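Here is the structure we will look at.
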Amino acid sequence: MSKTVRAHALDVLVKVGDNGAFSHLLIDQTLKNNALDIRDQGLFTELVYGTLNRKLTLAYDLDQFVKKTGKLQSWVKWLLYLSFYQLKYLDKVPDHAVVNEAVEIAKKRGHQGIVKLVNGVLRQALRQGFPSYETIEPVTKRLSIETSTPEWLMERWIDSYGLEKAEKIATAQLIKADKAVRVNLLKMTLEDAKQQLIEDGFEVEASPFSSKGLIINAGNILKHPFFDEGIVTIQDQTSMLVGEMMAVEKDQVILDSCSAPGGKTTDLAERLSNTGRVYSYDLHEKKTTLVDKKAAQLGLINIKTKAMDARELDQAFEVKTFDRILIDAPCSGFGVIRTKPDIKYTKTSEDVLNLSMIQFDMLNTIMPLLKEDGKLIYSTCTIDPTENEALIAEFLSGQTRYEVDPTFFTELPAFLQQSVGVTPFWSANFPG
């Protein structure tokens with residue numbers, strides 16, 4: 001195995017852990033800029049996401065072997081986390097390879113004392129084994145360490161869902177997410193794209209969430225011509241589901257109020273077959289530039305972008321302007337921790353409250369812009385009820401003009417219609 005894989009992983013971990021960089025962006029950038037073979041690409045991604053996702057667990061483990069870990073240089077701490085992750089969770093990586101390569105990295109980046117420390121800690125961990133968490137009290141602290149979830153967030157999930165479901169949520173966040181792409185049907189059919197990727201050595205299957213989606217089980221799509229040619233776009237399957245549920249029709253006028261980096265906007269534009277118009281807004285011009293760039297790559301000519309606060313869109317449009325509206329609201333992101341594990345370490349309960357107020361203001365401002373019998377989808381990538389069910393319930397309680405679409409649940413893909421993710425508020429009021 002290439003030593004550079006772990007060196008690259010360490011570089012990303014330090015930048016994310018200490019400088020607040022976004023893990024998914026750095027991973028994609030590293031893969032694009034370095035000639036790693038397919039096997040090493042997979043290992044690199046696993047090392048970064050896995051180590052980040054297990055950070056609190058690995059930090060607890062390190063405390064059992066090193067006194068005053070706070071005095072360690074940051075890169076040394078991340079090197080030990082990275083090595084612990086491999087020793088604990090990756091069965092196919094030989095223990096001696098983990099230790100030897102960690103020592104080699106330490107030699108290149110530090111002095112002899114650090115080399116001895118790294119070597120000694122790892123060999124001690126192999127001799128003694130890693131600690132058990134069974135006796136940790138209270139239960140919220142134990143679950144926090146076991147699932148590498150900040151304790152305040154664990155408590156919040158327990159309050160919202162109960163202990164059993166909260167533990168399942170936290171554990172599920174540790175499972176590796178599928179890599180998925182959306183096929184641009186303006187350029188190629190789903191079946192043709194799937195077949196070509198298989199012939200090119202990829203392991204691919206159709207997504208159950210979207211008629212335009214493919215799951216990439218093996219292969220780096222970023223380096224395939226389909227990506228640069230705008231035939232596929234990387235997008236989470238649940239994000240593709242938003243486009244499916246919008247049920248757009250040709251020539252419609254659509255508003256995407258919080259559009260960057262453009263995944264859902266371009267999906268909607270593709271579904272319009274380059275007819276109609278998608279008005280794409282975001283707060284900062286540098287973000288709307290990303291949407292323009294993506295639209296050009298995909299060959300889309302029906303998107304109009306502008307930088308503007310979504311809470312002021314009533315100043316730009318008349319009431320009842322749009323056939324479809326998407327409010328893909330800024331949120332805490334607790335539903336996408338598997339692909340962006342750094343989120344759970346950077347958000348706070350105050351963030352959730354502040355975001356919910358912004359979300360409510362957006363709904364109040366944008367709802368009147370919807371035509372009679374139009375459809376608005378409020379979408380977040382969080383599982384926090386404060387930003388979802390509670391917010392919508394509060395909004396609906398203050399007016400009589402709008403209602404939750406009673407056909408929504410019957411329009412979901414069949415395997416989702418009875419999903420455990422359907423919360424009591426919706427199932428009680430709109431059983432489908």
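The values are calculated or read from the model by the stated rules, or taken from the named source; none is laboratory data. All values reported here derive from a predicted model rather than from experimental measurement. Positions of Cβ are backbone-derived with ideal geometry, glycine not excepted, and every protein chain shown enters the neighbour counts. Heads up: the accessible areas ignore ligands, DNA and RNA and are worked out on the full protein's heavy atoms, side chains in. Shrake-Rupley method; radii C 1.70, N 1.55, O 1.52, S 1.80 Å.
Structure above, values below:
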| item | result |
| --- | --- |
| Surrounding net charge for residue 213, when Lys and Arg each add one and Asp and Glu each subtract one, Cβ distance under 12 Å | -1 |
| Over 25 Å (Cα to Cα) - which of 92/141; 187/320; 77/107; 15/55; 165/347 fall in this group | 92/141; 187/320 |
| Most to least accessible of 83, 211 (protein chains only, probe 1.4 Å) | 211, 83 |
| Computed FRET value (nearest 0.05) for residue 22 with residue 223, which takes r as the C-beta separation and R₀ as 25 Å | 0.75 |
| The range 21-68, Rg to Rh (Cα coordinates; Rh as Kirkwood inverse mean 1/r) | 1.13 |
| Cα pair distances of the range 315-356 binned at 10 Å [whole percent] | 23, 36, 21, 20, 1 |
| Computed over the chain, the ratio Rg/Rh where both radii use C-alpha atoms and Rh is Kirkwood | 0.99 |
| Reachable aspartates and glutamates from residue 176, criterion Cα separation under 18 angstrom, eight or more residues apart if same chain | 28, 40, 46, 91, 146, 167, 203, 205, 236, 342 |
| Relative contact order of the chain, defined on C-alpha pairs under 8 angstrom at six or more residues apart (%) | 12 percent |
| Inverse mean reciprocal Cα-Cα distance (Kirkwood Rh) of the range 300-379, Å | 14.5 Å |
| Exposure rank, largest accessible area first [182, 277; 1.4 Å] | 277, 182 |
| Column: log10 I(q)/I(0), Debye, Cα scatterers of the range 25-101, q = 0.17, 0.25 Å⁻¹ | -0.73, -1.25 |
| Apportionment of accessible area to carbon and sulfur, the chain, percent (1.4 Å) | 51 percent |
| Rotationally averaged projected area of the range 1-156 (alpha carbon convex hull; nm²) | 9.7 nm² |
| Value of relative contact order over the range 214-321, rounded to a whole percent, pairs C-alpha under 8 Å and six or more apart | 24 percent |
| Extension gain, residue 316 back to residue 372 (0.36 nm per residue minus Cα-Cα distance, nm) | 18.3 nm |
| Inter-centroid distance (Cα atoms) of the range 212-248 relative to the range 355-379, Å | 27 Å |
| Cα Rg, Dmax (largest Cα-Cα span) when computed across the range 259-400, Å | 15.6, 43 |
| Amide H within-cut-off set for residue 148, under 5 Å, with H built and near neighbours excluded | 57 |
| Long-range amide H partners of residue 342 with built H, under 5 Å | 23 |
| Inter-label distance for residue 189 and residue 92, nm, one decimal - labels placed 7 Å from Cα along Cα-to-Cβ | 3.4 nm |
| Subset of 32/168; 71/108; 306/375; 67/168 violating a 27 Å alpha-carbon distance limit | 32/168; 67/168 |
| Helical mean residue ellipticity (222 nm; -39500 (n - 2.57) per DSSP H run of 4+; nearest 500) of the chain | -15500 deg cm²/dmol |
